[in-house]
Amino acid sequence: MPRLSVNGIDLYYEEHGEGVPVLGIHGTPSSALLWEDAAVGLATICRCIIYDRRGFYRSGRPEPFDAVDLAEHVDDAAALLEILHAAPAVVIGRSTGGQIALYLAHRFPDLVQALVLLEPAVFWIDPEALAWAMELRKSVLGAAARDPWLAAETVIRAALGDQAWDGLPASFRDMFAATSPAVLAEIRGEGLDLSDKQAELGAEELGQLRQPTLIVSAEDSPEVLRLVNSRLAGALPNSESVLVGGGHLINPAHPAVLEFVRRFAAAHD
């Protein structure tokens, strides 16, 4: 399996296709395993790079793995783009991955030429969403106190619903469960969507993000995720929004996303 040493951690990654670089950042809990079909679709128009974030599934974990911060995930994504000579990239992030993508564009603007945010987990931007996230944090910690391997399942059930979790293939449920230590490390860390101390960007900072941005919401997701997207769309100066069918696991190769990426692929050619 291809791996790169990034900031002292071996990250699993894949590359598909060629052309304008596109970096896909998965959510929490998850893995690039869930992006493989999308990567194949994106590879028809671009050079798609996907990876498992530090601590998740096929990537390495620091020892001890007590906590991980938003800044570490952002630094990893930046280093990955630089090592692979893949900047500036179109960065697609889903859920927590969308939060990481947004902060990557804020801290390393020269590495990001455009953003696709699939219901990014920036709950601090809306009071109702933040309250929902803090209740989810309590639920995850409560479940983990009974059994640490329930952390990931608790998040999935909240975001996708009980029926979605119960309908997952056993191999996917096992994969999600295996990411529970990373889920708990993010909760104990700083800046992430279920951290006690969340990173925030003020109106001025959001207004300085000039990268073209596609904000994608799903019809069947929890309402708070659409509230987040609505506020984010009002804050980002060069954004456009689209509502798609289905739930929170929005397809990173949805036709609306492919249409957006094609603009940059055409300019790259």
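Data for the structure
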| quantity | calculated |
| --- | --- |
| Geometric extent, Cα atoms of the chain - Rg, Dmax (angstrom) | 16.9, 54 |
| Cut-off of 10 Å, at most 16 other beta carbons, DSSP loop: longest stretch of the chain lacking such GluC sites (Glu not before Pro) | 19-189 |
| Surface per residue (accessible, 1.4 Å probe) for region 71-218, Å² | 38 |
| Where Rh is the Kirkwood radius over Cα pairs, Rg/Rh for region 160-247 | 1.04 |
| Ellipsoid equivalent to region 215-269 - semi-axes via the Cα gyration tensor, in Å | 23, 15, 6 |
| Solution diffusion estimate, µm²/s, Stokes-Einstein, region 72-185, Kirkwood Rh from C-alpha pairs, 4 °C, viscosity 1.567 mPa s | 83 |
| The chain: most fluctuating residue of Leu80, Leu243, Leu209 per GNM, C-alpha cutoff 10 Å | Leu243 |
| Using a Förster distance of 22 Å, the FRET efficiency for Phe65-Lys138 (Cβ separation, nearest 0.05) | 0.50 |
| Loop trypsin sites (Lys or Arg not before Pro), region 196-240, which have at most 13 other Cβ atoms in a 10 Å radius of their Cβ (DSSP) | Lys197, Arg210 |
| Relative contact order of the chain, pairs being alpha-carbon contacts under 8 Å that are 6 or more residues apart, as % | 21 |
| Helix-derived mean residue ellipticity, 222 nm - over the chain, DSSP H n ≥ 4, -39500 (n - 2.57), to 500 | -13000 deg cm²/dmol |
| 19 Å cut-off, amide nitrogen to a point 7 angstrom out along Ala266 Cα→Cβ, residues in region 178-214 | 212-214 |
| Cα convex hull of region 96-148 - mean projected area over all directions, nm² | 4.7 |
| Highest-MSF residue in the chain out of Leu141, Leu194, Leu42 [GNM, Cα springs under 10 Å] | Leu141 |
| Taking N as its residue count, the alpha carbon Rg of region 8-104 over 2.2 N^0.38 Å | 1.00 |
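The values are calculated or read from the model by the stated rules, or taken from the named source; none is laboratory data. A quick note: this is a predicted structure, and the numbers were derived from the prediction, not measured. Glycine also receives a Cβ, built like all others from the backbone with ideal geometry; neighbour counts cover every protein chain displayed. What goes into the accessible areas is simple: the full protein's heavy atoms, side chains included, and nothing from ligands, DNA or RNA. Shrake-Rupley method; radii C 1.70, N 1.55, O 1.52, S 1.80 Å.
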